[in-house]
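Student: Just dropping this structure here.
The values are calculated or read from the model by the stated rules, or taken from the named source; none is laboratory data. Please read these numbers as outputs of a predicted model, since none were measured by experiment. Cβ placement follows ideal geometry from the backbone for every residue including glycine, while neighbour counts extend to all protein chains displayed.
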Number of protein chains: 2
Amino acid sequence: MEQIPEPAKERLLYLMRVLEKSGGKPLTSGELETLTGWSSCTIRKDISFLGADCGSPEGANKKVGTSCGYKPERLIPAIKAALGLDRRRRFCVVGLGRLGSAYLNFRAFELGEFELAAGFDSNVNRVEILKSPVPLYPAYKINEVVGRFAIEIALLCVPGEAAQGSAEKLAAAGIRGILNFAPVVLSLPPEIAVRNVYVTDELRALAVKISF
Amino acid sequence: MEQIPEPAKERLLYLMRVLEKSGGKPLTSGELETLTGWSSCTIRKDISFLGADCGSPEGANKKVGTSCGYKPERLIPAIKAALGLDRRRRFCVVGLGRLGSAYLNFRAFELGEFELAAGFDSNVNRVEILKSPVPLYPAYKINEVVGRFAIEIALLCVPGEAAQGSAEKLAAAGIRGILNFAPVVLSLPPEIAVRNVYVTDELRALAVKISF
């Protein structure tokens, strides 16, 4: 398959979300334009990366003046396959304070695309008494457990001062991506993908929106 | 002041973060180019929106062949002022389960730009027993308390099925922005700014990065 450029990947990911929320009804590229804010030309170009099956559905009915739109049930699986989201990935939660234990119990993970496989905390006592839907381990077992269960992604929920150390342990254990909730910038080898969820940054972005 | 376009605002916000992490040392537009991934031309254009004081510092020393760079101590306050981040804003946490109570105690809020003013939960018992650095109220007091303390932003941490109802209560109480952690799309009047923090979307974005 043709290599998809990064910005197109990001748009396809967002488009998939829009389609998932469309309730299954077909959407024309004009409707997608309104929902996404991108030009229908950009949308058609992005979808063209997915292969022939999903392309330009409007053309087919041009003669009768109707437009049948893109069918979510065809487009969603095609996007998932193209973006590598068509197989289940295991993840773990590292740091089981309030935030980490919240994510241990987050129901949205039941969607099936991601499987919570384990939780870790440096406090052995906490690991023993915390109620959890998945097995919990002391942090010194990260290396063993990440490898054994082929865990690919970690939600890093430790305090800021512990984040770099925990991230390095995860990297050494073979983790491939870290979703970092600690308010620090992690310094890791380039092959480890990192996304930061900084609440202060989100608050700032909101504040900018309401300032004008 | 000239109206700053939305994409420039987003870049300036990010630039402010980069400068805050630079440890106070001046950065040339070339260094900013490396740190942000934007062209130095874009960076200079964005900074030009801030007014004369911050513009093109390299020009001054061209003759001696050195480049003194942008001074964070001048640029950061200028960006804050231009983006409306130069006054403290009050926010509240709505929904005091694990996630909400984690954010009640989040130390990064001590930065000073944002002031946590109150927490709310529909469970009166939880409101009474939870330890918190700020006053907690039953949810039926949202209207009164948001008005009384001039709270502008809410962190919405309620379960998905309660999110729309809580958001409407907050909107009616005069809230201006909502940071939504519930995995649902809120439907609100356009004057209410919303930012969504969807962990599943973040996991997906990570999965896309590690697929290739």
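Student: Being outside any loop (DSSP other than H, G, I, E, B) and either at pLDDT 95 or above or in the same structural domain as A:N105 (by TED's automatic domain parsing) (or both): is that true of A:V158 here?
Tutor: It is false that A:V158 is outside any loop (DSSP other than H, G, I, E, B) and either at pLDDT 95 or above or in the same structural domain as A:N105 (by TED's automatic domain parsing) (or both).
Student: Has the stretch B:69-80 got at least one residue that is assigned by TED's automatic domain parsing to the domain that holds B:R11 and at positive phi?
Tutor: yes
Student: Looking only at the stretch B:153-163, decide whether some residue is away from every other protein chain (no Cβ under 11 Å) and farther than 24 Å from B:D201 by Cα.
Tutor: No.
Student: When the stretch B:1-40 is examined, which residues are found to be hydrophobic (A, V, I, L, M, F, W, C), assigned by TED's automatic domain parsing to the domain that holds B:I76, outside any helix (DSSP H, G or I) and modelled with pLDDT under 85?
Tutor: If the condition is that a residue be hydrophobic (A, V, I, L, M, F, W, C), assigned by TED's automatic domain parsing to the domain that holds B:I76, outside any helix (DSSP H, G or I) and modelled with pLDDT under 85, then B:W38 is the only one that fits.
Student: Shifting gears a bit: Look at A:V124 and say whether it is exposed (fewer than 14 other Cβ atoms within 10 Å of the Cβ) and either in the same structural domain as A:L15 (by TED's automatic domain parsing) or more than 30 Å from B:E161 (Cβ to Cβ) (or both).
Tutor: Judged against the criteria, A:V124 is a match.
Student: Could I ask something else about it? Given (1) surrounded by fewer than 17 Cβ atoms within 10 Å (Cβ to Cβ); (2) over 30 Å from A:E113 (Cβ atoms), where does B:G160 come up short, assuming only one miss?
Tutor: (2) is the only condition that B:G160 fails.
Student: If B:L136 meets every condition in (1) modelled with pLDDT of 95 or more; (2) within 12 Å of another protein chain (Cβ to nearest Cβ); (3) more than 18 Å from A:L203 (Cα to Cα) apart from one, which number is that one?
Tutor: Unmet condition: (2).
Student: If you go through the stretch B:172-190, how many residues are surrounded by fewer than 19 Cβ atoms within 10 Å (Cβ to Cβ) and either at the interface with chain A (Cβ under 9 Å from one of its Cβ atoms) or not in a loop (DSSP other than H, G, I, E, B) (or both)?
Tutor: So the answer is 3.
Student: Continuing with this model, one more query. Determine whether the stretch A:193-208 contains at least one residue that is more than 10 Å from chain B (Cβ to nearest Cβ) and among the hydrophobic types (A, V, I, L, M, F, W, C).
Tutor: Scanning the stretch A:193-208, I find no residue that is more than 10 Å from chain B (Cβ to nearest Cβ) and among the hydrophobic types (A, V, I, L, M, F, W, C), so the answer is no.
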